[in-house]
Amino acid sequence: VTDPEPRRLLAADRLPSLGDRQPRHGRPWVAVNMACSADGRATVGDTSGGLGNATDRRLFAELRAQVDCVLVGTGTLATERYGSIVRDPAVREERERAGRSPQPMCCVVTRTGRVPLDIPLFGDPEQEIELFSGAAVPLHGVRARVDITRAEQPGFGAALRDLHTRRGVRTVLCEGGPRVLGALVADGLLDELFLTFSPLLVGAEGMKNVIEAPGARGPVPLSLLRVFESDGAVFLRYAVGDAG
Ligand SMILES: NC(=O)c1ccc[n+]([C@@H]2O[C@H](COP(=O)([O-])OP(=O)(O)OC[C@H]3O[C@@H](n4cnc5c(N)ncnc54)[C@H](OP(=O)(O)O)[C@@H]3O)[C@@H](O)[C@H]2O)c1
């Protein structure tokens, strides 16, 4: 049975832009971009690669190109083996023409200091990384420009406020993973959510859901801003909180 109606409503002609998002509450604007299966799982096997299609990859790159900073969890850094945030020289040049750094800085918060320093991200001398850590992180062999802020109990709220006041960061894109998303939601630090539903059922007991939030404070309302479809994947864009 095919119902043409949804396809008429949904169009993937233009990918969403972040426009001129402004800092709020003394911290940068925070958007999250994540993908999940139709049953809400965050990975296929160990990584999220099996959830994305070409449009998802374009959205991922276009959002990165527009922000000052990418926030990512240590679990995701390790599993997805992160490299430099923006690799395309044309995008780097375009950012510079717009008065930005060639690529967004990266922000990592760790309470234990366990950071996967062997991933390509830490080998790029042009990559700036702001690390908020509860323990010493020995940076031997790291070529990226890493700035460590030590705190007894590092948290995302304090890290975001510091990025804004000390580094002038206005917009942050969080790319997960599920535990970081859970913490941002629990701490009321999320402004916008890009959520892609991949046309797959993953099932599999014990697999991570797209949000893992042991400390969540109850339902958080979302306001739908946009929805589009591409190759059977549904892309949702929400503002966090009640409309208006
Ligand atoms: N589908 C998607 O869009 C998507 C996106 C990203 C990742 N993923 C997948 O998700 C998996 C990784 O996610 P994950 O949830 O294990 O790890 P994660 O969210 O990437 O990182 C979790 C780590 O963040 C640190 N952290 C700092 N403050 C925290 C706080 N307040 N609450 C919780 N954690 C805090 C913790 O390290 P410390 O203990 O050192 O503090 C913790 O181990 C991978 O399999 C990856 O492929 C999927």
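Cβ contacts < 6 Å: first residue assigned to a loop (DSSP other than H, G, I, E, B), restricted to segment 209-225; second residue open to solvent by 70 Å² or more (accessible area, probe 1.4 Å) and near the ligand (Cβ under 10 Å from one of its atoms), any location; separation 6+ or different chain. Result?
Glu212/Arg179
Against the definition (open to solvent by 20 Å² or more (accessible area, probe 1.4 Å), β-branched (Val, Ile, Thr) and within 19 Å of Ile148 (Cα to Cα)), how does Thr112 come out, yes or no? So that I can check it myself, show each step before the final result.
Working: open to solvent by 20 Å² or more (accessible area, probe 1.4 Å): yes; β-branched (Val, Ile, Thr): yes; within 19 Å of Ile148 (Cα to Cα): yes.
Answer is yes for this residue.
Report every pair of residues separated by at least 6 positions or lying on different chains whose Cβ atoms are under 6 Å apart, first residue within segment 138-163 and without any contact (Cβ under 8 Å) to a residue 24 or more places away in the chain and farther than 21 Å from Glu175 by Cβ, second of a type outside the set (D, E, K, R) and open to solvent by 50 Å² or more (accessible area, probe 1.4 Å).
Matching pairs, first to second residue: Arg143/Pro125.
When you check Val234 against the structure, is it in a strand (DSSP E or B), more than 9 Å from the ligand (Cβ to nearest atom) and surrounded by fewer than 20 Cβ atoms within 10 Å (Cβ to Cβ), yes or no? Lay out the reasoning, then the answer.
Values: in a strand (DSSP E or B): yes; more than 9 Å from the ligand (Cβ to nearest atom): yes; surrounded by fewer than 20 Cβ atoms within 10 Å (Cβ to Cβ): yes.
Yes: the conditions hold for Val234.
Would you point out which residue out of Gly157, Gly206 is open to solvent by less than 30 Å² (accessible area, probe 1.4 Å) and not basic (Lys, Arg)?
On the way: Gly206 fails: open to solvent by less than 30 Å² (accessible area, probe 1.4 Å).
Within the list Gly157, Gly206, the selection yields Gly157.
Run down Gly157, Gly188, Gly182, Gly176 and say which single residue is under 19 Å from the mean Cα position of the chain (by Cα), closer than 17 Å to Val70 by Cα and assigned to a loop (DSSP other than H, G, I, E, B). Walk me through it before giving the result.
On the way: Gly157 fails: assigned to a loop (DSSP other than H, G, I, E, B); Gly188 fails: closer than 17 Å to Val70 by Cα; Gly182 fails: assigned to a loop (DSSP other than H, G, I, E, B).
That would be Gly176, the only listed residue that is under 19 Å from the mean Cα position of the chain (by Cα), closer than 17 Å to Val70 by Cα and assigned to a loop (DSSP other than H, G, I, E, B).
Collect the residues in segment 118-137 that are open to solvent by 10 Å² or more (accessible area, probe 1.4 Å) and within 13 Å of the ligand (Cβ to nearest atom), keeping them in residue-number order. Show your work before the answer.
Taking segment 118-137 and keeping what is open to solvent by 10 Å² or more (accessible area, probe 1.4 Å), we get 118, 120, 123-126, 128, 132, 134-137.
Answer for segment 118-137, where residues must be open to solvent by 10 Å² or more (accessible area, probe 1.4 Å) and within 13 Å of the ligand (Cβ to nearest atom): Phe132, Gly134, Ala135, Ala136, Val137.
Considering Arg92, Arg41, Arg81, which residue is over 15 Å from the mean Cα position of the chain (by Cα), under 27 Å from Leu201 (Cα atoms) and either surrounded by 15 or more Cβ atoms within 10 Å (Cβ to Cβ) or of a type in the set (Lys, Arg) (or both)?
On the way: Arg92 fails: under 27 Å from Leu201 (Cα atoms); Arg81 fails: over 15 Å from the mean Cα position of the chain (by Cα).
Answer to the check: Arg41.
When the residues of segment 1-36 are narrowed to those that are of a type in the set (Lys, Arg) and modelled with pLDDT under 60, which ends up least open to solvent (accessible area, probe 1.4 Å)?
First pass over segment 1-36, keeping only residues of a type in the set (Lys, Arg): 7-8, 14, 21, 24, 27.
Now restrict to residues that are modelled with pLDDT under 60: 7-8.
Values: Arg7: 153, Arg8: 178 Å².
So, considering only residues that are of a type in the set (Lys, Arg) and modelled with pLDDT under 60, the one least open to solvent (accessible area, probe 1.4 Å) is Arg7.
The values are calculated or read from the model by the stated rules, or taken from the named source; none is laboratory data. In this text the structure is predicted, and so the values were computed from the model without any measurement. Here Cβ is always computed from backbone atoms with ideal geometry, including for glycine, and neighbour counts include all displayed protein chains. The area values use the complete protein model at the heavy-atom level, side chains included, leaving out ligands, DNA and RNA. Shrake-Rupley method; radii C 1.70, N 1.55, O 1.52, S 1.80 Å.
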